[in-house]
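The values are calculated or read from the model by the stated rules, or taken from the named source; none is laboratory data. None of the values given here were measured: they were computed from a predicted structure. Please note: Cβ atoms are built from the backbone with ideal geometry, for glycine as well, and neighbour counts cover all protein chains shown. These area figures cover heavy atoms from the full protein model, side chains too; ligands, DNA and RNA do not enter into them. Shrake-Rupley method; radii C 1.70, N 1.55, O 1.52, S 1.80 Å.
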Amino acid sequence: MTKPLKLLSGLIAVFATVIATVISASLGNAERAATGPRGTGDLGIIIERATGSVLVFDSSERRMLYRVEGLGDLSHASAVFSRDERFAYVFGRDGGLTKVDLLAGSIARRVMQAGNSIGGAISDDGTLIAASNYEPGGVRVFDAATLDLVADIPAIWSGGSSKTIGLVDAPGRRFVFSLWDAGETWIADFAGGSKPVVTKLAGIGRNPYDALITGNGRHYIAGLYGEDGLTVIDLWQSPLAPRRILSEYGRGEAKLPVYKMPHLEGWALAGDRFALPAVGRHEVLWVDARTFDEVGRTKVHGQPVFAVARPDGRHVWVNFAHPDNDTIQVIDTHSRAIVAEWKPGPAVLHIEFTPRGHEAWVSVRDGNAVEIYDARTFEKKGRIEAQSPSGIFLAARAHRTGL
Amino acid sequence: MPSPIRWMNAALSAAFAMSMAAGAAAEPVSERRAAELERLVRHDCGSCHGMTLKGGLGPDITARRLAGSEPSALASIILDGVPEKPMPPWRPLLSEAEALWIADYLLKDASP
């Protein structure tokens, strides 16, 4: 190359670098995302409950990628993921349903689907999104691609309209949910298309407050607030026969005040038993996963909110309701003894394990941070700052029934 | 002064004295504690009533919905809960002055 030409090409290279720097400095979330192909299997979102925003994070690098704003009232929010793990569907308290693009760090679609909402689910084939609503009470089902309304299932019973809770997906394009006011469980079957066949099971117990479905999609378990015990429905059975379990527990004892309702989630299976938070009692209950008999109790620090099993089932991490919500306790499922206890900070709201359980991510609302712990040594591995964080949801949930 | 009016005046001044007394009872709530109580209402009462207080599993407790309620009646619900309902008694965690402060806070239009 002649000297002037070399100089020219050098200049061009410098110029190109400058341009690239200027462009990248002015990039928004979407453009920055396009810098190279990447997977989403280790991504997740953190709900920022007070500001109506979510953080998209990379759990391998333990860092925040984007803040996505404009999701409305997220003071009680949850999320499910598309089968390709690219999109998170976030259910807000105000009835907003927002489809967040994890790669672009932006809102792909958003609809206001009700006045007051409590959570949702995605069908096993990934095509339907169901949202559970308090106002108007019932479940609404949407096309996962467009968020267009597919079906509306008002929870009308003899007493009027009921709030719905404990909405989960079940195999075969079904959704299962319960009616807080009516004490019923309904199964909406979309196997035949967009018109559901709804099966109603009455008399499951007073005021079911939340429910879970086991990872194999067989057992739906609803916790009862209005009476002691829980109700199990074996979805393999025909005809379906709801069965009351643990109805003897706490009999005759005065309940302690419940300053926050416990949550039931499909993570509760720990080995061959379930760990379930008691209601109005500072205990975690252990239930045999085959017989559904109570096999023991562990006294804990306060009213448990989440009792989340590490994916291998050996440990269960528990957080608590106000005013004991600064503490985490870890219970060994073998001995049912507490093996660790510490205070991550004020208002510990949620615990999310990485899919194979090497780390646990813990949101500390009033500490404005998510703390990351080694799930075996409990050593702190990292921290992500977040505004009043609540739920933490990893994209790997896409491949778990009931999550 | 005709006696009905005098009676009304007396009633009014008694009511005024009572409201002053209620104000006095709420006085022990320091500015710092008030900030904590506001956070408690938004976030912890908010677990059932929603952070904007428009309701969730628990009812709407916005000022619009509560309008006309007596602060003392609300304070007693806060302190003693509602039997047969999930509303728990907050007496183990809150003083009467603090419950009254919350009642007043709810009755003011503090939304969203």
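What the table below lists for this structure:
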| quantity | calculated |
| --- | --- |
| Residue satisfying all of: in segment B:56-77; within 14 Å of another protein chain (Cβ to nearest Cβ) and open to solvent by less than 20 Å² (accessible area, probe 1.4 Å); modelled with the lowest pLDDT among these | B:G56 |
| Neighbours by Cβ (under 8 Å, 6+ apart or cross-chain): first from segment B:31-55, within 12 Å of chain A (Cβ to nearest Cβ); second open to solvent by 70 Å² or more (accessible area, probe 1.4 Å) | B:H49/B:P59; B:T52/B:P112; B:G55/A:E135 |
| Members of segment A:243-268 that are in a loop (DSSP other than H, G, I, E, B), out of contact with any Phe, Trp or Tyr (no Cβ under 9 Å at 6 or more places or on another chain) and away from chain B (no Cβ under 14 Å) | A:S247, A:E248, A:Y249, A:G250, A:R251, A:G252, A:E253, A:G266 |
| Which listed residue, of A:L74, A:L103, is within 14 Å of chain B (Cβ to nearest Cβ), out of contact with any Phe, Trp or Tyr (no Cβ under 8 Å at 6 or more places or on another chain), touching a residue at least 12 places away in the same chain (Cβ under 8 Å) and closer than 23 Å to A:I372 by Cα | A:L74 |
| Filter result (of a type in the set (G, A, S) and closer than 22 Å to A:I331 by Cβ) within segment A:365-390 | A:A375 |
| Given (1) surrounded by fewer than 24 Cβ atoms within 10 Å (Cβ to Cβ); (2) within 14 Å of chain B (Cβ to nearest Cβ); (3) not acidic (D, E), index of the condition A:R83 fails | (2) |
| Residue ID - farthest from A:T164 (Cα to Cα), chosen from residues in segment A:204-223 that are free of Cβ contacts under 8 Å to residues at least 40 places away in the same chain and within 14 Å of another protein chain (Cβ to nearest Cβ) | A:R206 |
| Failed criterion for A:R243 (all others in (1) outside the structural domain of A:V339 (by TED's automatic domain parsing); (2) open to solvent by less than 60 Å² (accessible area, probe 1.4 Å) hold) | (2) |
| Residue identified as within 14 Å of chain B (Cβ to nearest Cβ) and open to solvent by 40 Å² or more (accessible area, probe 1.4 Å) among A:G119, A:G96, A:G115 | A:G115 |
| Filtered residue count, segment A:41-65, keeping only those that are assigned to a strand (DSSP E or B), open to solvent by 20 Å² or more (accessible area, probe 1.4 Å) and free of Cβ contacts under 8 Å to residues at least 60 places away in the same chain | 1 |
| Residues satisfying the stated conditions in segment A:56-85, i.e. within 22 Å of A:R400 (Cα to Cα) and over 14 Å from the mean Cα position of the chain (by Cα) | A:V56, A:F57, A:D58, A:S59, A:S60, A:R83, A:D84, A:E85 |
